Structure formats: C-alpha cells, structure tokens
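**Q** Starting off with a structure, shown below.
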Amino acid sequence: MLNRLLQLHLASWLGQWPAGPGLHVVASHRRLRPAWDGRLRPALAVDTGRSAVLSVAPDRVAAIRALVKRAPERMLAALPEAVGLPTFCVHDGPFRWSLAPAPLPDVGEWTESTAPGLPAWLRLFDRPVLVVRDVDGTYLAGAGIKRHDAYGHELAIGTAPAARGRGLARRLVAQAARRVLDEGAVPTYLHEKDNHASARVAEAAGFPDRGWRAYGVYPR
C-alpha cells in the first residue's frame, strides 16, 4: 500500500493522484506558479510503470493530449515546445522515496544558506541547509531540501570534486531524510537516468529504485 503522505504529495504536486492505467494529462495551476526556487516547472510527470500523471497548465492540456495521441514516442522531446517554452530542457530519471533512510552516522551541520563559502546552488534555499566543511572551514559537501508542499520534500545533494569518494553524499542524504521525516513529510530523491553516481548515493542512503520515473520540463 502506498504511503498516505506520498499520495497526498503527488496529488498536491501534480494536481491529481492516483490514476488508472496509462498516461493521464491533467491540469494544474501550479505549473503557472514559481516552484521552490522561484522558477517555473511547466510540465511535470510521475510514472509508476503502470500509470502516469503528466501535469501541465490548464491552457496546455488539449495540446499535450493531442501530442500524446499523435506521437507518443516523441512526446518527451516535444514537451518544451508544446508547453510554449522551447528553450527549456527536459528531465527524465528515477523517482525515489524512502520511509527508512540508511542508518548512516550524521556528518553535516545545519546552517543558513547565506553562510560564507557555500556554492551558489545552496544559496537558492530559503531555509537552513546541511553542510560538511573541512577543518579549515572549506566547503566539502552539502544538501538542501526542496519543500514542494507539506507532504513531500525533495533532497538535493552536491559534493566538491576534491571531496568525492569519501561517502559524504550518502550520509548527508540519510541525515537530511531523517529531518524530513521528523517534519512529518516524505523525503524524495530525483536524478537523471544516466547519473550513475547519484544513483549509487541514493541506493546507499536507503532510496531504492522502485521502477518509478519522473520527467518534465525545467529551466536551463
């Protein structure tokens, strides 16, 4: 049975959940509003392998349904233009979540995203981020939480090149996931399908690949 919080997250994030067999194109005004980082996500889908919900703005539903019917094999590549944003790019990869993160020891400290020495991507977050620093204060790795709604929070992770291979990322993901669960939400983890390093981090942190897929249109 699918976790109730995960169902609520998907219904809120996409505009509808669950769905019957096949692909369902649904309307959501959230596709017209800025996401957690202030940028649009004009198309967003989650596919379980049996059923899928593709969320788009209300004025794009008819065009996307026609595209799916006419050329399903090229639907993903054609999505940016179909939603009216041809310069945007496409994301496609596993959709993971965990209710039992790996029992790895904590490694980071929560700090304000405005703290000195953090990379630009961590500064996008408006709440504290989880950071590992070297003894001299140099940034080594960090994690942020994308709070999409009250029910599902997506984890983002990054490691400085010189610090890779130490297992910092998996420990940060597990630590951040425990915080999300403590906040009463489900931690999720997305990555591109060809990002094998990120896949290994997810597996080690307790986020298995269940055969689910997330795809959509994102700003470059």
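The values are calculated or read from the model by the stated rules, or taken from the named source; none is laboratory data. All figures in this text were calculated on a predicted structure; none of them were measured in a lab. Cβ placement follows ideal geometry from the backbone for every residue including glycine, while neighbour counts extend to all protein chains displayed. Heads up: the accessible areas ignore ligands, DNA and RNA and are worked out on the full protein's heavy atoms, side chains in. Shrake-Rupley method; radii C 1.70, N 1.55, O 1.52, S 1.80 Å.
**Q** Under the definition of Cα pairs under 8 Å and six or more residues apart, what whole-number percent is the relative contact order of segment 1-105? Write out the running numbers ahead of the final one.
**A** Details: 123 pairs, mean separation 21.2, N = 105.
Over segment 1-105, the number comes to 20 percent.
**Q** Provide the per-residue ³J(HN,Hα) series for segment 212-219, in order, calculated from phi with Karplus coefficients 6.51, -1.76, 1.60 and θ = phi - 60°, each as a whole number of Hz, with x at glycine and proline positions.
**A** 7, 9, 10, 8, x, 10, 10, x
**Q** Further question on the same structure: Over the chain, give the accessible area per residue in Å² for a 1.4 Å probe, as an integer.
**A** Result: 48 Å² of accessible area for each residue.
**Q** With 5 Å bins from zero, work out the P(r) of segment 1-116 over every alpha carbon pair and list the percent per bin.
**A** Bins of 5 Å from zero give 2, 9, 17, 21, 17, 12, 9, 6, 4, 2, 0 percent of pairs.
**Q** As an exercise, use a Förster radius of 45 Å and the Cβ-Cβ distance of S51 and V135 to find the FRET efficiency, rounded to the nearest 0.05.
**A** The calculated FRET efficiency here is 0.35.
**Q** K193 to A163: extension gain in nm, 0.36 nm per residue of separation minus the Cα-Cα distance?
**A** On the way: separation 30, 0.36 × 30 = 10.80 nm, distance 2.33 nm.
Stretched out fully, the K193 to A163 stretch lengthens by 8.5 nm.
**Q** Now for a different question. Report V132's accessible area, 1.4 Å probe, all protein chains in place, as a number in Å² to the nearest 10.
**A** Number for this one is 10 Å².
**Q** Go from 0 up to the bin containing the longest alpha carbon distance in segment 50-149, width 10 Å each, and give me the % of pairs per bin.
**A** Result, from short to long distances: 12, 28, 24, 22, 13, 1 percent.
**Q** Still on this structure: Before rounding to the nearest 500, sum -39500 (n - 2.57) across all DSSP H runs of length at least 4 in the chain and divide by the residue total; then give [θ] at 222 nm in deg cm²/dmol.
**A** Details: 5 runs with 54 residues, N = 220.
Value at 222 nm, helices only: -7500 deg cm²/dmol.
**Q** Here's a follow-up. At 37 °C and a viscosity of 0.692 mPa s, what translational diffusion coefficient does Stokes-Einstein give for segment 121-186, taking Rh as the Kirkwood radius over Cα pairs? Give it in µm²/s as a whole number. The partial results should precede the final answer.
**A** On the way: Rh = 12.4 Å.
My calculation gives 265 µm²/s for D.
**Q** Report the full-extension gain for the segment V61 to V90: residue separation times 0.36 nm, less the Cα-Cα distance, to one decimal in nm.
**A** 8.6 nm
**Q** With a point put 7 Å past each Cα toward its Cβ, work out how far D126 is from R39 in nm, to one decimal.
**A** 1.7 nm
**Q** Given the chain, what percent of its DSSP beta bridges are antiparallel, to the nearest 5?
**A** Antiparallel: roughly 75 percent of the beta bridges in the chain.
**Q** Let me understand segment 152-191 better: what is its radius of gyration from the alpha carbons, and its Dmax, in angstrom?
**A** Cα-based Rg and Dmax for segment 152-191 come out at 11.2, 35 Å.
**Q** How charged is the neighbourhood of A62? Take every other residue with its Cβ under 13 Å from the Cβ of A62, and add Lys/Arg as +1 and Asp/Glu as -1.
**A** It works out to a net charge of +3.
**Q** What relative contact order, as a whole-number percentage, does the chain give when Cα pairs under 8 Å and 6 or more residues apart are counted?
**A** The value is 26 percent.
**Q** What percentages, rounded to whole numbers, describe P(r) for the chain computed over all alpha carbon pairs with 5 Å bin width beginning at zero?
**A** Pairs per bin, as whole percents: 1, 7, 14, 19, 19, 16, 11, 7, 4, 1, 0, 0.
**Q** Give the relative contact order (percent, whole number) for segment 85-178; include only Cα pairs under 8 Å separated by 6+ residues.
**A** 27 percent
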